[in-house]
Structure formats: structure tokens, C-alpha cells
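Before any comments, here is the structure.
Nothing in this text is a laboratory measurement; each read-out follows from the coordinates by a stated rule. Just so we're clear, the structure is a prediction, and the values are computed from it rather than from any experiment. Glycine also receives a Cβ, built like all others from the backbone with ideal geometry; neighbour counts cover every protein chain displayed.
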């Protein structure tokens, strides 16, 4: 249906290892007890304990491979450490599915940089905004500096480090946030949320073309990849309303509003009435000639 965009679904191999509905059905006739917890509570408790895993407890475990489907490049991580960070991923690797048989989990829609940052975070509790060597066949070099000023461009402006590509800090943090929501990594999701909001807070309003396009891309990635109830979507919608005068001069922003009507609805809750009635209004400052022509062409099918 026009005007609606279906968000990406959680990979099916993550849905089969843990089926809470079956457990709940088995327990329907059992009398509740004060100490009885739901399966989700028990899973969260196990994950909290596992996240405190000391290095000594996982360094002797076998490695498993996390492969980027688009490039077929693999990254390794200790199995026990991965279990402490994402139970769904290790459950797929321990199952009878192809992941369990091969010992390799393939991410079809995740970039190399996102996987590399996830693994670095798993080992040291943080991740860099900029990574060199992804998608180039080189060994990744993880840079220590993690700047949150998204107006600042790196010295090397190759496609891998351009401010509107994979290494743009705002998009980096949002992709990690979406990854964490999809693969249930709550600690990383909270860290990524803090970095997303810190980036935008430091930016305030996007004055340059690069930052305006980066914000538009960040909105599109978020509304495509996150469930509608996610708290980050409300946060971003309010931010878009706050800097509306900066974003509305860009045709891609109008395309975005058509693509995700829910963004428009959420923004309206934060916007005020027009300052003047139409009979006192002069010609609009921004005619959007190219955007209007594009819209007419798509509408009439010419």
C-alpha cells in the first residue's frame, strides 16, 4: 500500500530457539507461587549474570564466526563471551539450524562496521565511531577516538569514511541501536541510545548540507528498522520537529515524510500553529520545484 513502509523483521533463526508461548501454555494450569517468574524474567536474569563474565571465564572457549552476508567477511568472537552478550545469537549457533551445523552466523542486512563495533564492545565495553578497513579487504583498525560532533569530518574522505556514509557517528550509533534491538543486546542498546542522543544534543540544529542529509538518513534508518513503540522514534520525531526549518529545505525530507507517515503524525504533536493566516502570507520561500515535479511524475505514472 502506498505511503506505508514495512519495517525489517527479526531474522527467523532468532525466533525458533526460545518459544515463550509454548512454555506459558504448559504452565497455564499450574497454581502461581510467590517465587514463580515468567520465562522472560528468567532469561533476563540469566543474561544479567552472564554479562558480568570475567575475562578468565571465556578466554579458553572456542571461537565462533559472525559473517557479513553482503561481503562474506567473517569476524571471530569467543563463544562464551557471545553467550553472555546475546542469548539469541548463541542459541542459533547451538541449534540444529544451518548456523549450528556450520558454526557461522550470517548477518544478511548488517554492515561490517556494525559487527566489528559489536565485537569490540563485547570485549572492552565500548566501541569507536570510526573504523578503517571495513569493506576493503584489509584488517580492521579500530580507532580509539570516538567523537560525537557530527559536523566534524575525518581527514580521509574516501567512501568508507565520508561523513554521510557508514562511518558517520550519528548513523553508526543508530545502526548499533537497531542491531541491539534486533539481537536483544540491552546493554549495548542503552549505550548506543546515549551516544545517539549525545550526538544530536551536541549538533543542536543541522546547518550544513552534510548534516541535514545525515539526519534525514538517520530518521529513515530508524523508522525502517525499529518497532513503532521504540522510545528512540519519539525522541527523533521531536528532534525533527525542533529543526523543521532546516530539514524542510531538502527534497529527501519530504520523500521521507511520504515514506513514513507515522513520522509526520508524531512530529505534529510537537509543532505549533501557523504564525499567520493564508490571506496574510507571501509566496513560500522554498518552492521545491524539483520535488513537486518528482511527486507529480510518480503520482500520474508518466
Could you list 245, 99 so that the one with the fewest beta carbons within 10 Å of its beta carbon is first and the one with the most is last? 245, 99
Rank the residues 213, 219 as a footprinting-exposure proxy: fewest other Cβ atoms within 10 Å of their Cβ go first. 213, 219
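If you rank 235, 279 by fewest surrounding Cβ atoms within 10 Å, what's the result?
Numbers: 235 15, 279 5.
Sorted ascending by nearby Cβ count, the order is 279, 235.
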